[in-house]
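The block underneath contains the structure these notes are about, expressed in structure tokens.
The values are calculated or read from the model by the stated rules, or taken from the named source; none is laboratory data. Quick caveat, the model's predicted, so the values are computed rather than measured. Ideal geometry is used to build each Cβ from the backbone, glycine not excepted, and the neighbour counts take in all protein chains shown. Remember, those area values only see protein heavy atoms, side chains included, never the ligands or the DNA or RNA. Shrake-Rupley method; radii C 1.70, N 1.55, O 1.52, S 1.80 Å.
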Amino acid sequence: MLDILFIVLGLVLLIAGGNWLLKAAVALSLKLNIPKIVIGMTVVSFATSAPELIVSINAALEGFPDLALGNVVGSNIANLGLVLAITVILGSIEVRKSFYTTDWPVMMLASLLFFGFIYFDGELQRYEGFVMVIVLFIFLVYLLRFQKTAVVDELPEDDVPLPLYKTVLFLGLGGLALWGGSELLIKGAVGLATFYGVSERVIAVTVVSIGTSIPELAASVIAVLKKEKAISLGNLIGSNIFNLLAVLGITSMITPIKVSDQGLLTNDIFWMLGTSFLILLLVFLPKGLRLGWKDGVILLAVYVVFVYLTIT
């Protein structure tokens, strides 16, 4: 019971911390007169991926590599199979051209790069993490130079200039909440895994990954209820790219990550690749460049099957 409380408290702190960090980051960039396009591509992406990043770094440093890896792999599956599914069930979305020219190919490149680095030796080395971060940097430079129009300001109401003391306060609170939340989440997840006799990986790719995808899910549902398509396929794919290249890249640069539960290599990673391929098919079939409620039902069914097979 205490472990579940730790997990819930940890998730609440992670969500609050990510939100505070986002407010502070946007306010800081407005104060420093950094262009919005740069804010959207770097600051906002980083802030929304901060829960995954802190949880993965913390888990790897504390000797729980399967939590670090499972969190990201599970989060990527949840972003498409759960968050996107619920979004398009509530209201269909039109898919932009950038989906097949940039977003999807880069997500697959990031996924296959991660697969190639970890599948054969079961370890993400420091130099491999460095390569992943360099690829992310090249991707960001490309977006900033050639795809400025494809970047939408997701939360214009957050673009509020704050007094310096508030910005510093939000930065401090955000950082503390993220760190404290990750500590509680890891403690609860490891305790739950031990109590039920399941592996850390199973808890990571289900409970932890859904938890760290809650900010995206909340934003999606709010956007649909407000009749705004603020969250698009491109944003969720962008989140997946950032999770792989930044979260795992930075984590493995700090400390190499070695797989201990082989289920990650024989099961989870293939579900991640499969869900990513499925998105391409659903976008073009039967109606081109559109995702409707039927596509959402298919994605949700795939996610339910993945969770069921993982925990049984």
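What the table shows:
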{"read-out": "Listing of helices (runs of 4 or more DSSP H) fully contained in segment 164-217 that carry 2 or more residues being closer than 29 Å to Thr87 by Cα and touching a Gly at 6+ places or on another chain (Cβ under 6 Å)", "value": "164-196"}
{"read-out": "Segment 245-271 - residue that is open to solvent by 10 Å² or more (accessible area, probe 1.4 Å) and within 20 Å of Phe139 (Cβ to Cβ) and, of those, farthest from the chain's Cα centre (by Cα)", "value": "Met253"}
{"read-out": "Any hit, segment 272-281, residues being farther than 26 Å from Phe6 by Cβ and under 13 Å from the mean Cα position of the chain (by Cα)", "value": "yes"}
{"read-out": "Tabulated pairs, segment 273-290, first under 19 Å from Leu109 (Cβ atoms), second not in a helix (DSSP H, G or I) and not small (Gly, Ala, Ser), C-beta under 9 angstrom, 6+ apart or interchain", "value": "Ile279/Leu291; Val283/Val95; Val283/Leu289; Val283/Arg290; Val283/Leu291"}
{"read-out": "Cross-chain or 6+ apart pairs with Cβ under 6 Å, segment 1-21 first and on the phi > 0 side of the Ramachandran plot, then open to solvent by 30 Å² or more (accessible area, probe 1.4 Å) and assigned to a helix (DSSP H, G or I)", "value": "none"}
{"read-out": "Tally of residues being open to solvent by less than 10 Å² (accessible area, probe 1.4 Å) and either acidic (Asp, Glu) or more than 12 Å from Ala204 (Cβ to Cβ) (or both) across segment 50-75", "value": "5"}
{"read-out": "Leading residue by the ranking (most open to solvent (accessible area, probe 1.4 Å)) among those in segment 102-141 that are within 19 Å of the chain's Cα centre (by Cα) and without any contact (Cβ under 8 Å) to a residue 12 or more places away in the chain", "value": "Phe137"}
{"read-out": "Test for Ser98: is it open to solvent by less than 40 Å² (accessible area, probe 1.4 Å), among the hydroxyl-bearing types (Ser, Thr, Tyr) and modelled with pLDDT of 85 or more", "value": "no"}
{"read-out": "Some residue of segment 250-266 being part of a helix (DSSP H, G or I) and either within 19 Å of Ile93 (Cβ to Cβ) or at pLDDT below 90 (or both)", "value": "no"}
{"read-out": "From the options Leu90, Leu82, Leu5, Leu9, residue that is open to solvent by 20 Å² or more (accessible area, probe 1.4 Å), closer than 21 Å to Ile298 by Cβ, modelled with pLDDT of 90 or more and not hydroxyl-bearing (Ser, Thr, Tyr)", "value": "Leu82"}
